[in-house]
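In what follows, a single structure is set out as structure tokens and then discussed.
The values are calculated or read from the model by the stated rules, or taken from the named source; none is laboratory data. Keep in mind the model is a prediction, meaning the values are calculated, not measured. Cβ sites come from the backbone with ideal geometry, for glycine too, and all protein chains shown count toward neighbours.
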Amino acid sequence: MPTPDRKPLEVLGLYAGHDYTLWGILNSRADVNGDRPFLFFGDTELSWAAFRKQVERTARLLEAHGVKPGDRVGIMAGNSADYVAILFAAATVRAIFIPINPDLIVSETAYILGHARPALLFCAPASRETLRAACESIGAAPPVITLEGALEHVEVPAHGGMAGDTIAAAAPDDTALILYTSGTTGFPKGVMHSQRSIVTAGEYFVERLHLQPEDRMLCVLPFFHINALIYSLFGAVAAGASLVIAPRFSASDFWRLAARSGATQVNIIAAVGRILIRRPRSEFVAGHRIRKLYGAPISADIYHSFQNEFGVPILIEGYGLTEVPGVCSNPFSGPRKIGSFGVPTRHPDPARDYAALRIVDPAGREVGRGSAGELQVRSPIVMQGYYQDPALTEAVFQDGWFRTGDLVRQDDDGYYLFIERQKDIIRRRGENISGAELDQIVGQHPDVQTAATIAVASELGEDDILMAVVPKPATSLTEHLLRQWCEKRMNPAKLPRYIVFVDSLPYTPSHRIAKFQLRRDPDLRGRAVEFPDTVTARPAQPAGNGGSGNHSLQRRER
């Protein structure tokens, strides 16, 4: 049966108004949808009504463990229905949800825990030891609940009981989420979003994809990524649609999962698309029902392969950041331009504000169409700030405009085209990696005088990591020994694919390493020692969806 094609505002109008809290929008959808399915995870199916009960029970669990308004609740696990219930429950008791990448190593986890100081942690069994060691290293001892199976099997202490006014107390401007993302100045920053911001972003995604209650959305990206958490999950919530949750992306099982789940829509990132178009066509299942795909970015070869070979007729490219989700997209009704991330996205209600964009030169002056400059955004969906860092928060705003650090231009039709990042960010398999952070880590090696980490083009799209290193004189350090040293201090996504030893590095007049000159050196990669791609080549991890094509993916939409 074909999916109805209601206008986005008609979709939102199927439900009662709400107060832009997570509990409020959940109630408005559950009251209408009742026993209709909301979440699919493995063999588990949760209706809207059953999920609401699960959130209430999980909220009691949080309160029983002493979680209070403003406390942080962390989770270090793969995707699951429990993950979603904990997020909603934390918002319900006015706590702040913190997703933690389960692929992080102890030192990286310790940084986040030391910065956020969560009052309660949830984890998958595989992450228990990492959390234990990270907590020990910073002298913290929050309770840790291991999700051995379904959350319903976790015992709620007998004295736990939710106060009658707890849910009603939640407010739309309460901070509900802190997402840690790498920056250009070193270690990750905690991006804070309010309940209103999350819910509003979900409504905008209804507009971007013309989502319908009958849609069954497939989520293969991780919930510690803005794309999965804000677009897939809250797009489904806003539309009253269903969400199929994959534990993690498996390339070899992707089309089988799409077919057996009955999914009609999916979100990807460039690395996922490029991996899938390079997989054996024997893995493709022609009976899938996916008709809509959202991605960022979508190259011409991905676009044509999905349309012509995989039978996905509608591909929408967009742009957003962890700090400012859902800024732009190609219009659902067209025209859609390959190679462009489109125009500002609007809310289904045309009377509502939507993102304003401007392109400025280094002096802050707006430039005309066709000229390149930094993209700045003013949006109703914007972070509240960086957690515990008001100075950096102030620095990224200019007269109310968020400074993206991305170099773009606007064509004659008003569509925006991405050129390059001005910031020292390496975009690898959907994850933002700070070059400055890697420089700091490698600089701690006793035989390294200085190092500069830059992005180089990857055969899978996006970037690979090249590290230019000046060794100290008279050392026996080799590229292979340095790589082995890095393997003990970096998670696989951050390991350099290329290491090149150089006699010196170029510097700017202010004595900063001139990485732009390194990027322009056509011979640098050719002189480097190349190592295996640890992200795409590493063995599959048991995750319940099989296959040898599991990949770690995260962070920024573009």
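Values computed for the structure shown
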quantity	calculated
Residue within the stretch 409-417 that is among the small types (Gly, Ala, Ser), outside the structural domain of ARG520 (by TED's automatic domain parsing) and more than 26 Å from GLN384 (Cα to Cα) present	yes
Residue in the stretch 387-397 that is farther than 25 Å from VAL199 by Cα and touching a residue at least 60 places away in the same chain (Cβ under 8 Å) present	yes
Failed item, numbered, when GLU374 is tested on (1) in contact with a Gly (Cβ under 8 Å, 6 or more places away or on another chain); (2) of a type in the set (Asp, Glu); (3) assigned to a loop (DSSP other than H, G, I, E, B)	(3)
Sole exception among (1) surrounded by 22 or more Cβ atoms within 10 Å (Cβ to Cβ); (2) at pLDDT 95 or above; (3) farther than 24 Å from ASN330 by Cβ for ALA259, by number	(1)
Output for the stretch 1-23, where each listed residue is touching a residue at least 12 places away in the same chain (Cβ under 8 Å) and either farther than 26 Å from SER333 by Cα or part of a helix (DSSP H, G or I) (or both)	PRO8, LEU9, VAL11, LEU12, ALA16, HIS18, ASP19, TYR20, THR21, LEU22, TRP23
Positions within the stretch 490-509 being touching a residue at least 60 places away in the same chain (Cβ under 8 Å) and in a loop (DSSP other than H, G, I, E, B), in sequence order	MET490, ASN491
Verdict on VAL73 being over 18 Å from LEU233 (Cα atoms), in contact with a Pro (Cβ under 7 Å, 6 or more places away or on another chain) and either surrounded by fewer than 21 Cβ atoms within 10 Å (Cβ to Cβ) or not assigned by TED's automatic domain parsing to the domain that holds PRO222 (or both)	yes
Any hit, the stretch 250-260, residues being of a type outside the set (Ser, Thr, Tyr) and within 30 Å of ALA356 (Cα to Cα)	no
Matching residues in the stretch 224-259 - criterion: being farther than 26 Å from ARG278 by Cβ, in contact with a Pro (Cβ under 8 Å, 6 or more places away or on another chain) and not aliphatic (A, V, I, L, M)	GLY240, SER242
Exclusive hit being among the aliphatic types (A, V, I, L, M), in contact with a helix residue (DSSP H, G or I) (Cβ under 7 Å, 6 or more places away or on another chain) and free of Cβ contacts under 8 Å to residues at least 60 places away in the same chain, set LEU276, LEU243	LEU276
Qualifying positions in the stretch 518-535 - out of contact with any strand residue (DSSP E or B) (no Cβ under 7 Å at 6 or more places or on another chain), loosely packed, with under 15 Cβ neighbours inside 10 Å and either outside any loop (DSSP other than H, G, I, E, B) or modelled with pLDDT under 80 (or both)	GLY526
Close pairs from the stretch 467-479: first assigned by TED's automatic domain parsing to the domain that holds PHE501, partner of a type in the set (D, E, K, R) and surrounded by 13 or more Cβ atoms within 10 Å (Cβ to Cβ), Cβ under 7 Å, at least 6 apart	PRO471/ASP447; LYS472/ASP447; THR475/ASP447; LEU477/ASP447
Residue within the stretch 106-129 that is of a type outside the set (Gly, Ala, Ser) and without any contact (Cβ under 8 Å) to a residue 12 or more places away in the chain present	yes
Filtered residues of the stretch 37-52 (kept if outside any strand (DSSP E or B) and at pLDDT below 95)	GLY42, ASP43
Complete set of residues in the stretch 90-101 that are modelled with pLDDT of 95 or more and in contact with a strand residue (DSSP E or B) (Cβ under 8 Å, 6 or more places away or on another chain)	ALA90, ALA91, ALA95, ILE96, PHE97, ILE98, PRO99, ILE100
Single match in ARG558, ARG538, ARG483 (criterion: of a type outside the set (A, V, I, L, M, F, W, C), modelled with pLDDT of 90 or more, in contact with a strand residue (DSSP E or B) (Cβ under 9 Å, 6 or more places away or on another chain) and not assigned by TED's automatic domain parsing to the domain that holds MET383)	ARG483
Residue satisfying all of: in the stretch 449-465; assigned to a strand (DSSP E or B) and surrounded by 19 or more Cβ atoms within 10 Å (Cβ to Cβ); modelled with the lowest pLDDT among these	ASP463
The stretch 360-376 residues that are assigned by TED's automatic domain parsing to the domain that holds ASP412, paired with ones that are surrounded by 10 or more Cβ atoms within 10 Å (Cβ to Cβ) and of a type in the set (Ser, Thr, Tyr) (beta carbon under 9 Å, 6 or more apart)	ASP361/SER371; GLU374/THR404; LEU375/TYR319; LEU375/THR404; LEU375/TYR416; GLN376/THR404
Complete set of residues in the stretch 332-360 that are out of contact with any helix residue (DSSP H, G or I) (no Cβ under 7 Å at 6 or more places or on another chain) and among the polar types (S, T, N, Q)	SER333, SER340
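Rundown of residues vs (1) exposed (fewer than 15 other Cβ atoms within 10 Å of the Cβ); (2) in contact with a Lys or Arg (Cβ under 8 Å, 6 or more places away or on another chain), yes/no style:
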| site | (1), (2) |
| --- | --- |
| ASN308 | yes, no |
| LEU315 | no, yes |
| THR322 | no, yes |
| VAL327 | no, no |
| ASN330 | no, yes |
| ARG336 | no, no |
| SER340 | no, no |
| PRO350 | yes, no |
| ARG365 | yes, no |
